[in-house]
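Participant: Can you keep this structure in mind? I'll have questions shortly.
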Amino acid sequence: MASEKAAPELLALQPEQSSQLDVDNRNWIIERRAAAELSYNEFYWKYMRPNWPVIITDVSNSWECRNWAQQNNNNGRDANDNCSTGGHINFDYLRRRIGNLAVPVADCNATYFNSHAKLELKFHDFLARWQSNVLDSRVQLEPNFNVKLKDNLYLKDWHLAAQLPSYEFYKVPKYFASDWLNEQLIAEQKDDYRFVYMGPKDSWTSFHSDVFGSFSWSTNIVGHKKWLIMPPGEELKLADRLRNLPFSIDESQLEEHKVRYFTINQTANEAIFVPSGWYHQVWNMTDTISVNHNWFNACNIARVWSNLLGNLKDVRKEIADCQQMDNFEAHCQTMLRASFGINYLDFIELLEFIVARRIAARLKDQQTTTTTTTKNSLLLFDKYEMNDYHVQYDLECVQRLLKDTMLHEPSVQQCPAQLNERCERLLQQLPTNA
(Lines give C-alpha, C1' and ligand atoms only; values in the text may rest on other atoms or scores of the structure.)
Protein backbone atom coordinates (compact mmCIF):
# COMPACT_ATOMS: atom_id res chain seq x y z
CA MET A 1 0.00 0.00 0.00
CA ALA A 2 1.36 3.41 -0.94
CA SER A 3 2.37 5.61 1.96
CA GLU A 4 0.34 8.74 2.59
CA LYS A 5 1.98 11.92 1.35
CA ALA A 6 3.27 14.35 3.94
CA ALA A 7 1.38 17.60 4.47
CA PRO A 8 2.69 20.47 2.33
CA GLU A 9 5.39 22.68 3.83
CA LEU A 10 4.41 26.33 4.11
CA LEU A 11 6.43 29.04 2.38
CA ALA A 12 5.69 31.59 5.10
CA LEU A 13 6.64 34.90 3.50
CA GLN A 14 6.09 38.00 5.63
CA PRO A 15 6.29 41.67 4.66
CA GLU A 16 9.85 42.95 4.36
CA GLN A 17 11.25 44.50 7.52
CA SER A 18 13.47 47.57 7.53
CA SER A 19 16.00 45.59 9.57
CA GLN A 20 16.88 43.42 6.57
CA LEU A 21 20.49 43.96 5.49
CA ASP A 22 21.14 46.09 2.44
CA VAL A 23 23.55 44.77 -0.19
CA ASP A 24 25.86 47.74 0.35
CA ASN A 25 26.25 46.88 4.04
CA ARG A 26 27.34 43.25 3.74
CA ASN A 27 31.08 43.78 4.20
CA TRP A 28 31.52 42.17 0.79
CA ILE A 29 31.24 38.52 1.85
CA ILE A 30 29.31 35.46 0.71
CA GLU A 31 27.96 33.70 3.77
CA ARG A 32 27.59 30.01 4.55
CA ARG A 33 24.29 29.31 6.29
CA ALA A 34 23.04 26.04 7.75
CA ALA A 35 19.66 25.02 6.36
CA ALA A 36 18.40 24.26 9.87
CA GLU A 37 19.00 27.88 10.89
CA LEU A 38 17.92 29.76 7.74
CA SER A 39 14.20 30.45 7.35
CA TYR A 40 12.49 30.86 4.00
CA ASN A 41 11.52 34.42 4.90
CA GLU A 42 15.09 35.40 5.77
CA PHE A 43 16.47 33.86 2.58
CA TYR A 44 13.84 35.66 0.50
CA TRP A 45 14.54 39.18 1.83
CA LYS A 46 18.22 38.93 2.75
CA TYR A 47 19.55 37.11 -0.32
CA MET A 48 17.06 36.48 -3.12
CA ARG A 49 15.34 39.87 -3.29
CA PRO A 50 18.63 41.87 -3.01
CA ASN A 51 20.22 39.53 -5.61
CA TRP A 52 23.10 38.38 -3.38
CA PRO A 53 24.69 34.90 -3.29
CA VAL A 54 24.65 32.54 -0.34
CA ILE A 55 25.88 29.00 0.32
CA ILE A 56 23.39 26.79 2.18
CA THR A 57 24.69 23.66 3.89
CA ASP A 58 22.99 20.34 4.69
CA VAL A 59 20.31 20.69 2.01
CA SER A 60 20.40 17.17 0.55
CA ASN A 61 20.53 14.95 3.64
CA SER A 62 17.44 12.96 2.67
CA TRP A 63 17.86 12.87 -1.12
CA GLU A 64 17.78 9.47 -2.78
CA CYS A 65 20.62 10.48 -5.09
CA ARG A 66 23.00 10.41 -2.15
CA ASN A 67 23.20 6.74 -3.19
CA TRP A 68 25.02 7.90 -6.33
CA ALA A 69 28.05 8.37 -4.08
CA GLN A 70 29.91 5.66 -2.18
CA GLN A 71 31.06 5.92 1.40
CA ASN A 72 34.56 7.32 1.81
CA ASN A 73 37.00 4.45 2.11
CA ASN A 74 40.32 6.00 1.13
CA ASN A 75 42.50 4.22 3.70
CA GLY A 76 44.06 7.43 4.93
CA ARG A 77 44.55 9.09 1.55
CA ASP A 78 43.64 12.72 1.03
CA ALA A 79 39.89 12.96 0.36
CA ASN A 80 40.56 15.48 -2.43
CA ASP A 81 42.98 13.12 -4.17
CA ASN A 82 41.48 11.97 -7.46
CA CYS A 83 42.27 8.33 -6.67
CA SER A 84 39.95 8.41 -3.68
CA THR A 85 37.41 10.79 -5.17
CA GLY A 86 36.84 8.57 -8.19
CA GLY A 87 35.84 5.84 -5.79
CA HIS A 88 33.18 8.15 -4.43
CA ILE A 89 31.08 7.74 -7.58
CA ASN A 90 28.84 4.70 -7.26
CA PHE A 91 28.99 3.66 -10.90
CA ASP A 92 27.25 0.33 -10.29
CA TYR A 93 24.30 1.94 -8.54
CA LEU A 94 23.91 4.53 -11.30
CA ARG A 95 23.80 1.77 -13.94
CA ARG A 96 21.23 -0.22 -11.98
CA ARG A 97 18.98 2.70 -11.11
CA ILE A 98 19.05 4.69 -14.38
CA GLY A 99 18.50 3.17 -17.80
CA ASN A 100 20.78 3.57 -20.79
CA LEU A 101 19.28 6.91 -21.84
CA ALA A 102 20.72 9.30 -24.39
CA VAL A 103 22.53 12.12 -22.57
CA PRO A 104 24.04 15.49 -23.63
CA VAL A 105 27.79 15.70 -23.14
CA ALA A 106 30.32 18.51 -23.55
CA ASP A 107 33.92 17.77 -24.50
CA CYS A 108 36.02 20.03 -22.28
CA ASN A 109 39.10 19.26 -24.40
CA ALA A 110 37.52 20.70 -27.57
CA THR A 111 35.99 24.07 -28.42
CA TYR A 112 33.48 24.89 -31.13
CA PHE A 113 32.58 28.54 -31.82
CA ASN A 114 33.47 29.76 -28.32
CA SER A 115 31.82 26.85 -26.51
CA HIS A 116 32.70 23.30 -25.67
CA ALA A 117 32.02 20.81 -28.45
CA LYS A 118 28.79 18.91 -27.88
CA LEU A 119 27.96 15.26 -28.45
CA GLU A 120 25.36 12.73 -27.43
CA LEU A 121 26.20 9.45 -25.72
CA LYS A 122 24.32 6.63 -24.08
CA PHE A 123 24.43 7.06 -20.32
CA HIS A 124 26.07 3.71 -19.63
CA ASP A 125 28.73 4.43 -22.26
CA PHE A 126 29.44 7.76 -20.59
CA LEU A 127 29.79 6.01 -17.22
CA ALA A 128 32.12 3.39 -18.72
CA ARG A 129 34.43 6.04 -20.18
CA TRP A 130 34.38 8.00 -16.94
CA GLN A 131 35.15 4.93 -14.84
CA SER A 132 37.92 3.90 -17.23
CA ASN A 133 39.54 7.31 -16.77
CA VAL A 134 39.35 6.91 -13.00
CA LEU A 135 41.18 3.59 -13.25
CA ASP A 136 43.75 5.08 -15.65
CA SER A 137 44.38 7.91 -13.20
CA ARG A 138 45.24 5.38 -10.53
CA VAL A 139 47.61 3.53 -12.83
CA GLN A 140 49.32 6.81 -13.74
CA LEU A 141 50.58 7.05 -10.18
CA GLU A 142 52.98 4.21 -10.99
CA PRO A 143 56.53 5.32 -11.89
CA ASN A 144 57.49 5.57 -15.58
CA PHE A 145 53.83 5.45 -16.68
CA ASN A 146 53.34 6.86 -20.18
CA VAL A 147 50.70 9.56 -19.64
CA LYS A 148 48.06 9.81 -22.35
CA LEU A 149 45.45 12.48 -22.98
CA LYS A 150 42.27 11.24 -21.34
CA ASP A 151 38.63 12.03 -22.03
CA ASN A 152 37.30 15.16 -20.37
CA LEU A 153 33.60 14.65 -20.99
CA TYR A 154 31.09 16.59 -18.92
CA LEU A 155 27.46 15.42 -18.83
CA LYS A 156 25.60 18.75 -18.64
CA ASP A 157 22.04 20.07 -18.79
CA TRP A 158 20.54 16.58 -18.47
CA HIS A 159 16.75 16.69 -17.99
CA LEU A 160 16.73 13.55 -15.87
CA ALA A 161 13.77 14.60 -13.72
CA ALA A 162 11.68 15.10 -16.86
CA GLN A 163 12.91 11.89 -18.50
CA LEU A 164 12.22 9.77 -15.40
CA PRO A 165 9.38 11.55 -13.57
CA SER A 166 8.73 8.55 -11.31
CA TYR A 167 12.31 8.61 -10.00
CA GLU A 168 12.24 11.07 -7.08
CA PHE A 169 15.98 11.36 -6.66
CA TYR A 170 15.98 14.83 -5.05
CA LYS A 171 13.69 17.39 -3.44
CA VAL A 172 13.70 21.06 -4.33
CA PRO A 173 14.90 22.96 -1.23
CA LYS A 174 12.24 25.28 0.14
CA TYR A 175 14.34 28.36 -0.60
CA PHE A 176 14.05 27.74 -4.34
CA ALA A 177 10.42 26.58 -4.52
CA SER A 178 8.95 29.89 -5.74
CA ASP A 179 9.87 29.12 -9.34
CA TRP A 180 7.62 30.66 -11.97
CA LEU A 181 9.64 29.30 -14.89
CA ASN A 182 9.51 25.61 -14.04
CA GLU A 183 6.03 25.92 -12.52
CA GLN A 184 4.69 26.78 -15.96
CA LEU A 185 6.90 24.46 -18.01
CA ILE A 186 6.19 21.38 -15.87
CA ALA A 187 2.44 22.06 -15.85
CA GLU A 188 2.41 22.44 -19.63
CA GLN A 189 4.80 19.49 -20.16
CA LYS A 190 7.41 21.57 -21.98
CA ASP A 191 11.22 21.46 -21.74
CA ASP A 192 12.11 22.57 -18.24
CA TYR A 193 15.21 23.99 -16.57
CA ARG A 194 15.91 21.19 -14.07
CA PHE A 195 19.28 19.58 -14.70
CA VAL A 196 21.78 16.98 -13.55
CA TYR A 197 25.52 17.53 -14.10
CA MET A 198 28.12 14.75 -13.88
CA GLY A 199 31.77 15.33 -14.62
CA PRO A 200 35.27 14.05 -13.90
CA LYS A 201 38.01 15.96 -12.18
CA ASP A 202 39.18 18.92 -14.35
CA SER A 203 35.93 19.21 -16.32
CA TRP A 204 34.60 22.76 -16.28
CA THR A 205 31.98 25.25 -17.39
CA SER A 206 33.07 28.33 -19.32
CA PHE A 207 32.58 31.95 -18.23
CA HIS A 208 28.90 32.89 -18.47
CA SER A 209 25.80 34.24 -16.78
CA ASP A 210 22.66 32.16 -16.60
CA VAL A 211 19.95 31.94 -19.24
CA PHE A 212 17.38 34.80 -19.39
CA GLY A 213 19.16 36.53 -16.49
CA SER A 214 17.59 33.88 -14.28
CA PHE A 215 18.58 32.77 -10.82
CA SER A 216 20.23 29.38 -10.51
CA TRP A 217 20.90 26.98 -7.69
CA SER A 218 23.40 24.15 -7.70
CA THR A 219 23.64 21.41 -5.07
CA ASN A 220 26.66 19.10 -4.98
CA ILE A 221 25.79 15.46 -4.40
CA VAL A 222 29.41 14.40 -4.42
CA GLY A 223 32.67 16.20 -5.13
CA HIS A 224 34.25 19.64 -4.93
CA LYS A 225 33.61 22.57 -7.27
CA LYS A 226 35.58 25.81 -7.46
CA TRP A 227 33.67 28.93 -8.51
CA LEU A 228 34.87 32.34 -9.63
CA ILE A 229 31.83 34.63 -9.48
CA MET A 230 31.32 38.38 -9.77
CA PRO A 231 28.49 40.93 -9.34
CA PRO A 232 26.69 42.32 -12.40
CA GLY A 233 28.76 44.85 -14.32
CA GLU A 234 32.15 43.57 -13.24
CA GLU A 235 32.29 41.33 -16.31
CA LEU A 236 32.42 44.44 -18.51
CA LYS A 237 35.98 45.07 -17.31
CA LEU A 238 36.94 41.91 -19.23
CA ALA A 239 35.24 42.78 -22.54
CA ASP A 240 37.23 43.47 -25.68
CA ARG A 241 36.63 46.37 -28.07
CA LEU A 242 33.73 44.50 -29.68
CA ARG A 243 32.12 43.89 -26.26
CA ASN A 244 32.98 40.19 -26.45
CA LEU A 245 33.65 38.48 -23.13
CA PRO A 246 36.36 35.83 -22.66
CA PHE A 247 35.58 32.14 -22.96
CA SER A 248 37.64 31.33 -19.87
CA ILE A 249 39.02 33.33 -16.95
CA ASP A 250 41.47 32.89 -14.08
CA GLU A 251 42.42 34.82 -10.96
CA SER A 252 45.43 36.53 -12.53
CA GLN A 253 43.27 37.88 -15.35
CA LEU A 254 40.70 39.18 -12.86
CA GLU A 255 43.36 40.82 -10.74
CA GLU A 256 44.95 42.42 -13.80
CA HIS A 257 41.63 44.03 -14.78
CA LYS A 258 40.77 44.97 -11.18
CA VAL A 259 37.60 42.88 -11.22
CA ARG A 260 35.78 42.47 -7.91
CA TYR A 261 35.08 38.78 -7.54
CA PHE A 262 34.62 35.92 -5.10
CA THR A 263 36.15 32.45 -4.97
CA ILE A 264 33.82 29.74 -3.65
CA ASN A 265 34.85 26.20 -2.83
CA GLN A 266 31.68 24.11 -2.80
CA THR A 267 31.62 20.62 -1.31
CA ALA A 268 29.01 17.86 -1.10
CA ASN A 269 25.63 18.63 0.47
CA GLU A 270 26.00 22.37 -0.16
CA ALA A 271 23.74 24.49 -2.38
CA ILE A 272 24.90 27.72 -3.97
CA PHE A 273 22.34 30.39 -4.80
CA VAL A 274 23.55 32.24 -7.92
CA PRO A 275 21.71 35.55 -8.37
CA SER A 276 20.63 37.12 -11.66
CA GLY A 277 23.39 38.50 -13.83
CA TRP A 278 26.30 37.19 -11.76
CA TYR A 279 28.88 35.93 -14.25
CA HIS A 280 30.80 32.85 -13.15
CA GLN A 281 33.09 30.03 -14.20
CA VAL A 282 33.13 26.65 -12.47
CA TRP A 283 35.73 23.87 -12.29
CA ASN A 284 35.26 20.34 -10.96
CA MET A 285 38.25 19.90 -8.67
CA THR A 286 37.29 16.25 -8.15
CA ASP A 287 34.83 13.87 -9.78
CA THR A 288 31.55 15.64 -9.17
CA ILE A 289 27.77 15.27 -9.48
CA SER A 290 25.31 18.11 -8.94
CA VAL A 291 21.62 18.96 -9.31
CA ASN A 292 20.91 22.41 -10.78
CA HIS A 293 17.87 24.57 -11.59
CA ASN A 294 17.45 27.84 -13.44
CA TRP A 295 14.43 29.85 -12.38
CA PHE A 296 12.85 33.24 -11.87
CA ASN A 297 10.03 34.64 -9.79
CA ALA A 298 8.71 37.91 -8.35
CA CYS A 299 12.18 38.90 -7.14
CA ASN A 300 13.86 38.98 -10.56
CA ILE A 301 11.04 39.04 -13.11
CA ALA A 302 11.79 42.72 -13.85
CA ARG A 303 15.43 41.81 -14.60
CA VAL A 304 14.32 39.06 -16.97
CA TRP A 305 12.05 41.54 -18.77
CA SER A 306 14.91 44.04 -19.00
CA ASN A 307 17.17 41.38 -20.53
CA LEU A 308 14.44 40.38 -22.98
CA LEU A 309 14.01 44.01 -24.03
CA GLY A 310 17.77 44.47 -24.40
CA ASN A 311 18.07 41.40 -26.57
CA LEU A 312 15.23 42.59 -28.81
CA LYS A 313 17.08 45.86 -29.32
CA ASP A 314 20.18 43.87 -30.34
CA VAL A 315 18.10 41.84 -32.82
CA ARG A 316 16.56 44.97 -34.34
CA LYS A 317 20.01 46.53 -34.68
CA GLU A 318 21.38 43.38 -36.30
CA ILE A 319 18.73 43.40 -39.06
CA ALA A 320 18.09 47.16 -39.22
CA ASP A 321 18.57 47.15 -42.98
CA CYS A 322 15.46 44.93 -43.30
CA GLN A 323 13.02 47.27 -41.54
CA GLN A 324 10.99 47.79 -44.70
CA MET A 325 10.26 44.09 -45.12
CA ASP A 326 6.78 42.71 -44.48
CA ASN A 327 6.23 41.36 -40.96
CA PHE A 328 9.47 42.88 -39.71
CA GLU A 329 8.31 42.88 -36.08
CA ALA A 330 7.19 39.25 -36.28
CA HIS A 331 10.55 38.32 -37.77
CA CYS A 332 12.29 40.10 -34.88
CA GLN A 333 10.27 38.07 -32.39
CA THR A 334 11.22 34.85 -34.19
CA MET A 335 14.88 35.77 -34.03
CA LEU A 336 14.53 36.85 -30.40
CA ARG A 337 13.22 33.42 -29.42
CA ALA A 338 16.04 31.73 -31.37
CA SER A 339 18.79 33.82 -29.75
CA PHE A 340 17.45 34.45 -26.25
CA GLY A 341 15.26 31.39 -25.69
CA ILE A 342 11.94 33.21 -25.25
CA ASN A 343 10.19 36.14 -26.91
CA TYR A 344 7.45 38.60 -25.94
CA LEU A 345 4.68 36.06 -26.56
CA ASP A 346 6.33 33.49 -24.30
CA PHE A 347 6.80 36.12 -21.60
CA ILE A 348 3.20 37.33 -21.54
CA GLU A 349 1.96 33.73 -21.55
CA LEU A 350 4.06 33.04 -18.47
CA LEU A 351 2.66 36.10 -16.69
CA GLU A 352 -0.89 35.06 -17.62
CA PHE A 353 -0.22 31.57 -16.28
CA ILE A 354 1.15 32.83 -12.95
CA VAL A 355 -1.65 35.34 -12.45
CA ALA A 356 -4.32 32.75 -13.24
CA ARG A 357 -2.82 30.25 -10.78
CA ARG A 358 -2.49 32.81 -7.99
CA ILE A 359 -6.00 34.19 -8.45
CA ALA A 360 -7.47 30.67 -8.59
CA ALA A 361 -5.72 29.80 -5.32
CA ARG A 362 -7.12 32.94 -3.71
CA LEU A 363 -10.67 32.28 -4.88
CA LYS A 364 -10.63 28.64 -3.83
CA ASP A 365 -9.52 29.52 -0.34
CA GLN A 366 -12.17 32.21 -0.03
CA GLN A 367 -14.83 29.69 -1.03
CA THR A 368 -13.68 26.89 1.27
CA THR A 369 -12.54 28.77 4.37
CA THR A 370 -14.76 30.53 6.88
CA THR A 371 -11.97 31.56 9.24
CA THR A 372 -8.67 33.33 8.76
CA THR A 373 -6.08 30.99 7.29
CA THR A 374 -2.41 31.21 6.39
CA LYS A 375 -2.59 28.63 3.61
CA ASN A 376 -3.93 28.40 0.05
CA SER A 377 -4.44 25.64 -2.48
CA LEU A 378 -1.37 26.36 -4.64
CA LEU A 379 1.07 23.44 -4.45
CA LEU A 380 4.63 23.83 -5.76
CA PHE A 381 6.82 20.83 -6.66
CA ASP A 382 4.20 18.61 -4.96
CA LYS A 383 5.61 19.71 -1.62
CA TYR A 384 5.26 23.42 -0.85
CA GLU A 385 2.36 25.80 -0.30
CA MET A 386 2.48 29.59 -0.37
CA ASN A 387 0.86 31.59 2.39
CA ASP A 388 -1.63 34.33 1.53
CA TYR A 389 0.92 37.14 1.66
CA HIS A 390 3.22 35.28 -0.74
CA VAL A 391 0.40 34.98 -3.28
CA GLN A 392 -0.43 38.66 -2.84
CA TYR A 393 3.21 39.69 -3.29
CA ASP A 394 3.50 37.70 -6.53
CA LEU A 395 0.44 39.49 -7.91
CA GLU A 396 1.74 42.88 -6.78
CA CYS A 397 5.02 42.33 -8.63
CA VAL A 398 3.23 41.44 -11.87
CA GLN A 399 1.03 44.49 -11.46
CA ARG A 400 4.04 46.81 -11.02
CA LEU A 401 5.79 45.32 -14.03
CA LEU A 402 2.75 45.85 -16.24
CA LYS A 403 1.85 49.36 -15.03
CA ASP A 404 5.29 50.86 -14.58
CA THR A 405 7.25 49.25 -17.40
CA MET A 406 5.63 47.05 -20.03
CA LEU A 407 2.65 49.23 -20.94
CA HIS A 408 4.97 52.21 -21.50
CA GLU A 409 7.38 50.33 -23.76
CA PRO A 410 7.03 51.18 -27.51
CA SER A 411 8.11 47.69 -28.62
CA VAL A 412 5.18 46.21 -26.67
CA GLN A 413 2.78 48.40 -28.61
CA GLN A 414 4.43 47.39 -31.90
CA CYS A 415 4.45 43.67 -31.13
CA PRO A 416 2.33 41.70 -33.64
CA ALA A 417 0.97 39.32 -30.98
CA GLN A 418 -1.43 42.01 -29.63
CA LEU A 419 0.85 42.15 -26.60
CA ASN A 420 -0.33 45.60 -25.51
CA GLU A 421 -3.96 44.45 -25.42
CA ARG A 422 -3.03 41.31 -23.50
CA CYS A 423 -1.10 43.37 -20.96
CA GLU A 424 -4.15 45.62 -20.49
CA ARG A 425 -6.47 42.64 -20.01
CA LEU A 426 -4.08 41.02 -17.58
CA LEU A 427 -3.82 44.21 -15.56
CA GLN A 428 -7.62 44.40 -15.35
CA GLN A 429 -7.75 40.84 -14.00
CA LEU A 430 -5.48 41.67 -11.09
CA PRO A 431 -7.19 42.44 -7.77
CA THR A 432 -7.19 46.09 -6.82
CA ASN A 433 -5.43 45.23 -3.56
CA ALA A 434 -2.69 43.24 -5.30
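Participant: Please work out which residue is farthest from residue 168 (Cα to Cα), limiting yourself to the stretch 194-246 and to residues that are among the aliphatic types (A, V, I, L, M) and surrounded by fewer than 22 Cβ atoms within 10 Å (Cβ to Cβ). Even if it seems obvious, please write down each step before you answer.
Facilitator: Narrowing the stretch 194-246 to residues among the aliphatic types (A, V, I, L, M): 196, 198, 211, 221-222, 228-230, 236, 238-239, 242, 245.
Those left that are additionally surrounded by fewer than 22 Cβ atoms within 10 Å (Cβ to Cβ): 211, 228-229, 236, 238-239, 242, 245.
Numbers: 211: 25, 228: 31, 229: 31, 236: 41, 238: 41, 239: 42, 242: 46, 245: 38 Å.
Applying the filter and picking the extreme gives 242.
Participant: Restricting to the stretch 161-193, name every residue that is crowded, with 19+ Cβ neighbours inside 10 Å and among the hydroxyl-bearing types (Ser, Thr, Tyr).
Facilitator: 170, 175, 178, 193
Participant: Select from the stretch 326-352 the residues that are outside any helix (DSSP H, G or I) and either among the hydroxyl-bearing types (Ser, Thr, Tyr) or open to solvent by 80 Å² or more (accessible area, probe 1.4 Å) (or both) and list them in ascending order.
Facilitator: Keep residues of the stretch 326-352 that are outside any helix (DSSP H, G or I), which gives 326-327, 341-343.
326, 327, listed by residue number.
Participant: Within the group 271, 298, which residue is modelled with pLDDT of 95 or more and either farther than 21 Å from residue 157 by Cα or in contact with a Gly (Cβ under 7 Å, 6 or more places away or on another chain) (or both)?
Facilitator: Going through 271, 298 in turn, just one is modelled with pLDDT of 95 or more and either farther than 21 Å from residue 157 by Cα or in contact with a Gly (Cβ under 7 Å, 6 or more places away or on another chain) (or both): 298.
Participant: Continuing with this model, one more query. Confirm whether residue 216 is modelled with pLDDT of 95 or more and in a loop (DSSP other than H, G, I, E, B).
Facilitator: For residue 216, the condition - modelled with pLDDT of 95 or more and in a loop (DSSP other than H, G, I, E, B) - is not met.
Participant: Here is a follow-up. Failed condition for residue 247, given (1) in contact with a helix residue (DSSP H, G or I) (Cβ under 8 Å, 6 or more places away or on another chain); (2) outside any strand (DSSP E or B), with all others met?
Facilitator: If we test residue 247 against (1) in contact with a helix residue (DSSP H, G or I) (Cβ under 8 Å, 6 or more places away or on another chain); (2) outside any strand (DSSP E or B), just (1) comes out false.
Participant: For residue 236, which of the numbered conditions (1) without any contact (Cβ under 8 Å) to a residue 12 or more places away in the chain; (2) within 30 Å of residue 151 (Cα to Cα) fails to hold?
Facilitator: Exception for residue 236: condition (2).
Participant: Pairs please, first residue from the stretch 188-202 and touching a residue at least 60 places away in the same chain (Cβ under 8 Å) and on the phi > 0 side of the Ramachandran plot, second anywhere and open to solvent by less than 40 Å² (accessible area, probe 1.4 Å) and in a strand (DSSP E or B), Cβ atoms under 8 Å, 6+ apart in sequence or on different chains.
Facilitator: From the stretch 188-202, the pairs are 202/108; 202/284.
Participant: Yes or no: the stretch 366-387 includes at least one residue that is modelled with pLDDT under 95, assigned to a helix (DSSP H, G or I) and in contact with a strand residue (DSSP E or B) (Cβ under 9 Å, 6 or more places away or on another chain).
Facilitator: Within the stretch 366-387, one or more residues are modelled with pLDDT under 95, assigned to a helix (DSSP H, G or I) and in contact with a strand residue (DSSP E or B) (Cβ under 9 Å, 6 or more places away or on another chain).
Participant: Being open to solvent by 30 Å² or more (accessible area, probe 1.4 Å) and not in a helix (DSSP H, G or I) is the filter here; which residues of the stretch 287-323 pass it?
Facilitator: Hit for the stretch 287-323 is 323, nothing else.
Participant: Related question: Does any residue in the stretch 338-352 that is closer than 19 Å to residue 421 by Cα come within less than 8 Å, Cβ to Cβ, of a residue that is basic (Lys, Arg) six or more places away or on a different chain, and which pairs are these?
Facilitator: From the stretch 338-352, the pairs are 343/337; 346/337; 348/422; 352/422.
Participant: If you don't mind, another one. For the condition in contact (Cβ under 8 Å) with a residue 12 or more places away in the chain and farther than 26 Å from residue 123 by Cβ, what is the one hit in 264, 289, 272, 221?
Facilitator: Among 264, 289, 272, 221, only 264 is in contact (Cβ under 8 Å) with a residue 12 or more places away in the chain and farther than 26 Å from residue 123 by Cβ.
Participant: Of all residues in the stretch 38-59, which are within 17 Å of residue 210 (Cα to Cα) and of a type in the set (Phe, Trp, Tyr)?
Facilitator: Matches in the stretch 38-59: 52 only.
The values are calculated or read from the model by the stated rules, or taken from the named source; none is laboratory data. Computed from a predicted structure; not experimentally measured. No Cβ is skipped: glycine too gets one built from the backbone with ideal geometry, and neighbour counts run over all protein chains shown. Keep in mind that these areas ignore ligands, DNA and RNA; they rest on the heavy atoms of the full protein, side chains included. Shrake-Rupley method; radii C 1.70, N 1.55, O 1.52, S 1.80 Å.
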